[in-house]
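The values are calculated or read from the model by the stated rules, or taken from the named source; none is laboratory data. Everything quoted here is computed from the prediction, not taken from an experiment. Every residue, glycine as well, gets a Cβ built from its backbone with ideal geometry; the counts of neighbours run over all protein chains shown. The area values use the complete protein model at the heavy-atom level, side chains included, leaving out ligands, DNA and RNA. Shrake-Rupley method; radii C 1.70, N 1.55, O 1.52, S 1.80 Å.
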Amino acid sequence: QVQLVESGGGLVQTGGSLGLSCAATGRTFNSYAMGWFRQAPGKEREFVGAITMSRGNTNVADFVKGRFTISRDNDKHTVYLQMNNLTPEDTAVYYCASLRRIQAVTTGAVDYWGQGTQVTVSS
């Protein structure tokens, strides 16, 4: 089976930065794209951004507003999310995902989910 292992979450102050990573394991892993969702308590899981593993083409949600950068290392089957200028509105569990596409991404485009990593931004 494929497993997505996330790391890098934590507690930061408003205006701070965090970098998340997600490594896919499994010898037969072959994903067109990987990306990130987030879910705050009592809210729907929402799309953050995605990247194709071969060419590195990206698509990000509008609320990212240029603060977040998604990248990947295809040889390592790893996707990253660098988050800058964080605000309390960014507090959520962030989930890595293996994706079938990067446009019009919904949970239906997800093949595998990571376990989630908590990001908390204090005010």
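Table for the structure above
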read-out	value
Bridge type composition, the chain - antiparallel percent by DSSP, nearest 5	90
Given charges at beta-carbon only (K, R positive; D, E negative), |dipole| of the chain in Debye	240
Accessible area in square angstrom per residue, segment 18-113, 1.4 angstrom probe	53
The chain: relative contact order in percent, alpha carbon pairs under 8 Å with at least 6 residues between	35
Average Cα contact separation per residue, segment 75-123, under 8 Å, 6 or more apart, as relative contact order %	45
